[in-house]
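Participant: So that we are looking at the same thing, I have put the structure below in structure tokens.
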Amino acid sequence: MTTALEILLKLAAWLLLAPLLPGIINKVKAWVAGRRGPPVLQLYYDLAKLWHKGVVLSTAVSPAHVIGPAMAWVAIAGAALLLPVGQTGASFAFRGDALLFVYLLAFARFCIALAALDTGSAFEGMGVAREVSYAVLAEAAIITALLTLCVQSGTVSLATMLAPSAGAGAALLAAGLFGVLLAENCRVPFDDPNTHLELTMVHEVMVLDHSGPPLAAILHGASLKLLLFAVLLTEAVLPLGKLSLLPAIGVLVGSAMVVAIAVGLVESLLARLAFRRVPLLLTTSFLLCLFALLVAWKGGTP
Amino acid sequence: MTPGWLLLLAGAGLAAGIFSAFKSPRLWLVTTLIGAGAAFAAAVLMLASGVTWDWRPGFVIGGEALHLQLDGLSAFFLVLLSVLGGAGTLYSSEYWSDKAHPDSAPAGRAWWNALLLNMGCVLLCANGLHFLIVWEIFTVCAYFLITRERQRPATRAAGWLYLASSHVAMIFLFAFFALLAARTGSWELGPMRGHPELAPLFWLALIGFGLKAGIFPMHIWLPSAHANAPSHVSAILSGMAIKMGIYGLVRFTGWLPVPPSAGWVVAALGVTSAVLGVAFALGQHDLKRLLAYHSVENIGIILIGLGFAMIAVSHGNAAWGQLALAGGLLHVWNHGLFKALLFLGAGSVLHATGTREMSRLGGLWRAMPWTASLFALGATAIAGLPPLNGFVSEWLVYLGLFDAVSGRGHAAIAAIVAAMALGVTGALALACFVKVCGVVFLGLPRHEIAPHVHECGWRMRLPMLVIGVACVVIGLAPILFWPALATAAAAWQPELANSIPPAPLVTLGAFHLALAALVILAAAFLWRRVRRNGLSRAGTWDCGYAAPTARMQYTAGSFAGIITGWFDWILRPQRHEQPPGGNFPARAGFEEHTPETVLEKIIEPAGSLVLRLSLAVRHLQHGRVQSYIFYLLLGLAALAILAVMGGAK
Amino acid sequence: MNLLIGLAMGLNLVALASSRLPSVIRAAAFQGMILGTLPWLLEEDFHWMVVAVGLGTVMVKGFIIPNLLRRALRAANIDREVEPLLGFVPSLLLGAMATVGAAALPNELPLLHGHAQTLLVPGAFATVVCGFILLIARTKAISQVCGYLILENGIYLFGLLLINTTPLLVEAGILLDLTVAIFVIGIIVDRIQREFDTLDTRKLNTLRE
């Protein structure tokens, strides 16, 4: 009974905290640009508003257009349950859960992509094509990062993989994972969440025809994914496994803030890349993870 | 009933089906289904009890005593054969009915039963000579099934290519079995690990069985044969016939000693097949050709598992080998199931619309909701996504690889490469199946397809449903299938067998179960919420463009364009462009075709070279007796020189 | 010190991945400067010759040669795009493979114990191979010069292995060679530019007889 309660509590914390991150990022961007910017809690207001709104569906769509976002949201929330927090570990932990984590995010991508293709719009087709193509490189990078952690810790379970610090290659790993974070969450320089030109969007164009509660599910899922990546990045680099729950949460919250600020700064200071340069940058992320793996390999041999 | 009687019943049912195929389709259906059911029961009985059924009746066929054996490995493959055979039988009774194909349907039924019967016999034979005989019959049966529509030139070409490459494979198998018999002194097959001198024979088996399995670059026959065969035949070809190649590899790497580098080669071939198979699949516009290339990819995944299991065996039976082997074997089942499901779904599309060209399709979910949802289920499974079966087997392979990495043994570097390749393959397969589902079933019809597009009848729907349920069950309760895996693994290499399932498999199953339940709940909840908030309909957002047409939708080629651009170096797509020109462009066109690179760039030039050389040699023969006598003299002189040189030593 | 060599190895990849000539030049220059400081760290006892060589290397590789190249760039009005024969991603992946391979190499070679511990040998191999890739896969004369520079940096790293025995002679010789080469190339570039209006090496093969 207590474990069920604990799982629910953890899940609630993940779900409630997630929409904060985009708010912080927007605040940072506004601050750099010298504006006041939207309130930090803006996404909460948006989600609440969307949840009560009616829905306009395209005449072309099938039920998948509504079901897809729901499935994707569940998958991302499931992935959140796999991430450990400090010494208390994850809600579910077993050997090989790291791979389940990666594939749950892939499943979410699959659902959102199909829901987008459902409208038959050429814009959505374009966005999905870009999303799934870039995900190939991002996936290579993230598997490499997992291999690095596996070499480092000698296990395949997130709880033990993430507990120690990433050792000598920590900086490389952090840089690589940060690149993946930016790409997977569609931030500058891979994609611009604020653009208003359909031809240049990746993620935003996939949700053009969504409205009301399904859009709320997508937006919330996206913010949760951002939080997941921020936490994964932190735990991969810092030795959080030794801390007990409260300090761990403190460090996590602090570092999530740092990641959000970094994302905000990157967005303010960099321009979006031309699409033909995106694979190059993602390859760089992959190589950073690969060199982290190399360092871990070299470092570990007695 | 004992397995023996059940197998007899199965054989009798299938044989009776051959004879009733021409007279009474109904009787054929019943007897064939009984046969498949009996085979299924026998195989399950064996896997559950773990007792090998061994039968030496004392008959002599072709100078050799008959010896049939149903051990864990054969039973494992027999389960898949009987499920797919039964499903395909029911499916074909509507799909390839007498009414639609009066000329080819009756003979097709007979060949179908002959195919099933002989594949079963291949699994049971424990005598090299008999193995070769039934293998050849099974190959020929498949040829006649592929060329059911022989009035189409493409089908004839595909059949010819299949037959040619199968017989190249056959030559290698002849050599393999003959050398084996010569070295051991008998055609009897069985465990012979104690004869290290037999190890080099592995390479012959690898080519012979690899050609059948469609390992890259030996897959040249596979895409065209799968695309042009009737869909239930494509399903059994992809689901089972290429697995016979895998069966051969697994069987003989288990029974015979292998060279030390064998595991590495198999794993490397697996990695190549997996990545390049899916890359080629992305370049295809033909629905069934695309699925065929995915068979190459999945064979690659199976081989990664098998290869690392072999490496583990050669390094003292490391524990991770067991996981890799279990993953590879489970992927045999899984790929058989979801690929059959996808081919049957593609068959329904073909049946309803008359085209395999994806860029002409679109929006089929309205007319065919069952096919669309079952196809989406199969697509989720083949993309290796949780909570379905494809993920379970890929996860086991991954776990094996990661354990090898953390063990930091000899295999660790290779395991790192394989794990990365597997990740890339998974993401590419996801991209490919998003493309297929989106282009074929979602959106709007791109062309005015025949107005009578309809959902298929229950005899086509039920097999798909059964296979779909099997995919879901393996995904949600993988633990139920561990004993079967353990029995099969024990038949391969007793040291690797472990009847205690790895604990995370239970947790994974529970997680999948919860995930599936929550996914359905959340979908229903959101749907109700949407209905409650009020729903209105409008056109798709088109950026203010006033006259959208369905032709504006993204096509299969444009969708995959980014990724096929990365693989240009091997795909070598042929493009014909007619760009719009002038102020008022009248016509513009773009056509892209991805050829079978290995076939057209390597095999065909090599073939024409051989042909040209042979033509040159033909000049030697022009019918004049004098010149033949001259050749004789030359030959004698050469022999004499050889003899003198030999004698000088 | 390993950190610096690692940084230099990273700069190889930066040079391979950049699409603009100035950034390739900058990567090569920065790499030269990093390597120029290495002798100071490597030598235990302070010696004025070492300091001078290091200083000379930093000056020549970090400032003089890049400035010459930039001037050639300006004088010849070359388009700043790199124009690869082989795409950026493949050349980057090749470079990374070379780096990984180079890192695995020392285990196979009979090295002194002290050398096996450092990144000197892998760094040298990786740099040489990346220089070659840059030479092979790019078309413009300027990027070829950068390829030579990186190649020379790799050779210089090898030279550092011998710093205790015959350091200065070798290094000075190479440096001299290179400076002359750069001058020559600079002059030729200028002449060719005036004569043919192009610096694309693909179009310069009409003079091959």
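The values are calculated or read from the model by the stated rules, or taken from the named source; none is laboratory data. Source: prediction; values computed, not measured. A quick note on method: Cβ atoms are made from the backbone with ideal geometry, for glycine too, and the neighbour counts reach across all protein chains shown. Surface areas here come from the heavy atoms of the whole protein model, side chains and all, with no ligands, DNA or RNA. Shrake-Rupley method; radii C 1.70, N 1.55, O 1.52, S 1.80 Å.
Participant: Residue pairs, Cβ under 8 Å, 6 or more apart or interchain, first in region A:68-90 and within 14 Å of A:L226 (Cβ to Cβ), second open to solvent by 10 Å² or more (accessible area, probe 1.4 Å) and modelled with pLDDT under 85. List them.
Facilitator: Here the result reads A:L83/A:A90, each pair linking region A:68-90 to a residue that is open to solvent by 10 Å² or more (accessible area, probe 1.4 Å) and modelled with pLDDT under 85.
Participant: Under 28 Å from B:P257 (Cα atoms) and either open to solvent by less than 10 Å² (accessible area, probe 1.4 Å) or assigned by TED's automatic domain parsing to the domain that holds B:M420 (or both): which single residue out of B:L303, B:L350 fits that description? Walk me through it before giving the result.
Facilitator: Working: B:L350 fails: under 28 Å from B:P257 (Cα atoms).
From the options B:L303, B:L350, the qualifying one is B:L303.
Participant: I've got another one for you. Taking only region B:427-464 into account, find how many residues are more than 14 Å from chain A (Cβ to nearest Cβ) and in contact with a helix residue (DSSP H, G or I) (Cβ under 7 Å, 6 or more places away or on another chain). Write out each step before concluding.
Facilitator: At the first step, the residues of region B:427-464 found to be more than 14 Å from chain A (Cβ to nearest Cβ) are B:448-464.
Narrowing the set further to residues that are in contact with a helix residue (DSSP H, G or I) (Cβ under 7 Å, 6 or more places away or on another chain) leaves B:449-450, B:453-457, B:459-464.
Of the residues in that region, 13 qualify.
Participant: Please work out if B:G581 is more than 39 Å from the chain's Cα centre (by Cα) and either at pLDDT below 85 or away from every other protein chain (no Cβ under 11 Å) (or both).
Facilitator: Yes, satisfied.
Participant: Is one or more of the residues making up region B:488-509 assigned to a helix (DSSP H, G or I), out of contact with any His (no Cβ under 6 Å at 6 or more places or on another chain) and within 30 Å of A:L215 (Cβ to Cβ)?
Facilitator: no
Participant: Just checking, which of B:E591, B:E600 is part of a helix (DSSP H, G or I) and under 30 Å from C:L85 (Cβ atoms)?
Facilitator: Going through B:E591, B:E600 in turn, just one is part of a helix (DSSP H, G or I) and under 30 Å from C:L85 (Cβ atoms): B:E600.
Participant: Exactly one condition in (1) open to solvent by less than 30 Å² (accessible area, probe 1.4 Å); (2) more than 17 Å from B:L341 (Cβ to Cβ); (3) more than 8 Å from chain A (Cβ to nearest Cβ) is not met by B:G409; state its number.
Facilitator: (1)
Participant: Then there's this: Which one of these does A:L224 not meet: (1) open to solvent by less than 10 Å² (accessible area, probe 1.4 Å); (2) within 14 Å of another protein chain (Cβ to nearest Cβ); (3) farther than 15 Å from A:A80 by Cα; (4) not small (G, A, S)?
Facilitator: Of (1) open to solvent by less than 10 Å² (accessible area, probe 1.4 Å); (2) within 14 Å of another protein chain (Cβ to nearest Cβ); (3) farther than 15 Å from A:A80 by Cα; (4) not small (G, A, S), only one is false for A:L224: (3).
Participant: Then there's this: Scan region C:13-29 residue by residue and report those that are within 13 Å of chain A (Cβ to nearest Cβ) and over 14 Å from the mean Cα position of the chain (by Cα).
Facilitator: The answer is C:A17, C:S18, C:S19, C:R20.
Participant: Could you run through region B:581-601 and say how many residues are surrounded by fewer than 17 Cβ atoms within 10 Å (Cβ to Cβ) and more than 16 Å from B:L222 (Cα to Cα)?
Facilitator: Selection size over region B:581-601: 13.
Participant: In region A:114-150, how many are more than 18 Å from A:V180 (Cβ to Cβ) and assigned to a helix (DSSP H, G or I)?
Facilitator: So the answer is 12.
Participant: Also: Would you be able to tell me the number of residues in region A:90-100 that are open to solvent by less than 10 Å² (accessible area, probe 1.4 Å) and more than 7 Å from chain B (Cβ to nearest Cβ)?
Facilitator: Looking only at that region, the number is 2.
Participant: Would you check if C:L111 is over 28 Å from A:V278 (Cα atoms), at pLDDT below 65 and not in a helix (DSSP H, G or I)? Lay out the reasoning, then the answer.
Facilitator: Numbers: over 28 Å from A:V278 (Cα atoms): yes; at pLDDT below 65: yes; not in a helix (DSSP H, G or I): yes.
So C:L111 passes the test.
Participant: Give B:G557, B:G589, B:G582 a once-over and let me know the one that is of a type outside the set (F, W, Y) and closer than 26 Å to B:G277 by Cα. Steps first, please.
Facilitator: Details: B:G589 fails: closer than 26 Å to B:G277 by Cα; B:G582 fails: closer than 26 Å to B:G277 by Cα.
One residue alone meets the criteria, B:G557.
Participant: Follow-up. Looking only at region B:106-121, which residues are in contact with a Ser or Thr (Cβ under 9 Å, 6 or more places away or on another chain) and either at pLDDT below 90 or surrounded by 24 or more Cβ atoms within 10 Å (Cβ to Cβ) (or both)?
Facilitator: Correct list: B:R109, B:W112, B:N113, B:L116, B:G120.
Participant: Taking B:R152 and the conditions (1) touching a Lys or Arg at 6+ places or on another chain (Cβ under 9 Å); (2) open to solvent by 10 Å² or more (accessible area, probe 1.4 Å), which numbered condition does it fall short on, given that it satisfies the others?
Facilitator: Exception for B:R152: condition (1).
Participant: Just a yes or no: is a residue in region B:505-514 over 30 Å from B:G50 (Cα atoms), open to solvent by less than 50 Å² (accessible area, probe 1.4 Å) and either of a type in the set (V, I, T) or within 10 Å of another protein chain (Cβ to nearest Cβ) (or both)?
Facilitator: Among the residues of region B:505-514, at least one is over 30 Å from B:G50 (Cα atoms), open to solvent by less than 50 Å² (accessible area, probe 1.4 Å) and either of a type in the set (V, I, T) or within 10 Å of another protein chain (Cβ to nearest Cβ) (or both), which makes the answer yes.
Participant: I've got another one for you. What do you reckon, is B:P502 open to solvent by 10 Å² or more (accessible area, probe 1.4 Å), within 14 Å of chain A (Cβ to nearest Cβ) and out of contact with any Cys (no Cβ under 9 Å at 6 or more places or on another chain)?
Facilitator: Yes; evaluated as a whole, the condition is true for this residue.
Participant: Next question. Using the structure shown, decide if B:I220 is open to solvent by less than 10 Å² (accessible area, probe 1.4 Å), in contact (Cβ under 8 Å) with a residue 60 or more places away in the chain and not assigned by TED's automatic domain parsing to the domain that holds B:L337.
Facilitator: Numbers: open to solvent by less than 10 Å² (accessible area, probe 1.4 Å): no; in contact (Cβ under 8 Å) with a residue 60 or more places away in the chain: yes; not assigned by TED's automatic domain parsing to the domain that holds B:L337: yes.
No, not satisfied.
Participant: Could I ask something else about it? Among (1) at the interface with chain B (Cβ under 8 Å from one of its Cβ atoms); (2) in a helix (DSSP H, G or I); (3) open to solvent by 10 Å² or more (accessible area, probe 1.4 Å), which single condition is A:Y103 missing?
Facilitator: Answer for A:Y103: the failing condition is (3).
Participant: Out of the residues in region A:280-302 that are within 9 Å of another protein chain (Cβ to nearest Cβ) and farther than 23 Å from A:L232 by Cα, state the one that is surrounded by the fewest Cβ atoms within 10 Å (Cβ to Cβ).
Facilitator: Within region A:280-302, the match that is surrounded by the fewest Cβ atoms within 10 Å (Cβ to Cβ) is A:T301.
Participant: Residue check: is A:P189 more than 14 Å from chain B (Cβ to nearest Cβ), under 24 Å from B:W541 (Cα atoms), in contact with a helix residue (DSSP H, G or I) (Cβ under 9 Å, 6 or more places away or on another chain) and surrounded by fewer than 22 Cβ atoms within 10 Å (Cβ to Cβ)?
Facilitator: No.
Participant: Output the residues belonging to region B:223-277 that are without any contact (Cβ under 8 Å) to a residue 12 or more places away in the chain and under 21 Å from B:K339 (Cα atoms).
Facilitator: In the first step, residues of region B:223-277 are kept if they are without any contact (Cβ under 8 Å) to a residue 12 or more places away in the chain; the result is B:261.
Scanning region B:223-277 gives no hits.
Participant: Scan region A:69-83 and tell me whether some residue there is outside any helix (DSSP H, G or I), under 23 Å from A:V136 (Cβ atoms) and not polar (S, T, N, Q).
Facilitator: Restricting attention to region A:69-83, the residues satisfying the condition of being outside any helix (DSSP H, G or I) are A:83.
Checking which are under 23 Å from A:V136 (Cβ atoms) leaves us with none.
Looking through region A:69-83, none of the residues is outside any helix (DSSP H, G or I), under 23 Å from A:V136 (Cβ atoms) and not polar (S, T, N, Q).
Participant: Would you be able to say whether some residue in region A:140-158 is under 20 Å from the mean Cα position of the chain (by Cα), open to solvent by 30 Å² or more (accessible area, probe 1.4 Å) and either within 11 Å of another protein chain (Cβ to nearest Cβ) or not hydroxyl-bearing (S, T, Y) (or both)?
Facilitator: No.
Participant: Follow-up question, since we're still on this one. Determine which single condition A:S165 fails, assuming it passes every other condition in (1) away from every other protein chain (no Cβ under 12 Å); (2) hydroxyl-bearing (S, T, Y); (3) buried (at least 24 other Cβ atoms within 10 Å of the Cβ).
Facilitator: All conditions pass for A:S165, except number (3).
Participant: A further question follows. Going by the conditions given, is A:W14 surrounded by fewer than 16 Cβ atoms within 10 Å (Cβ to Cβ), of a type in the set (F, W, Y) and part of a helix (DSSP H, G or I)?
Facilitator: no
Participant: Could you list, in sequence order, all residues of region B:536-576 that are of a type outside the set (F, W, Y), open to solvent by 70 Å² or more (accessible area, probe 1.4 Å) and at the interface with another protein chain (Cβ under 7 Å from one of its Cβ atoms)?
Facilitator: Matches in region B:536-576: B:R537, B:M552.
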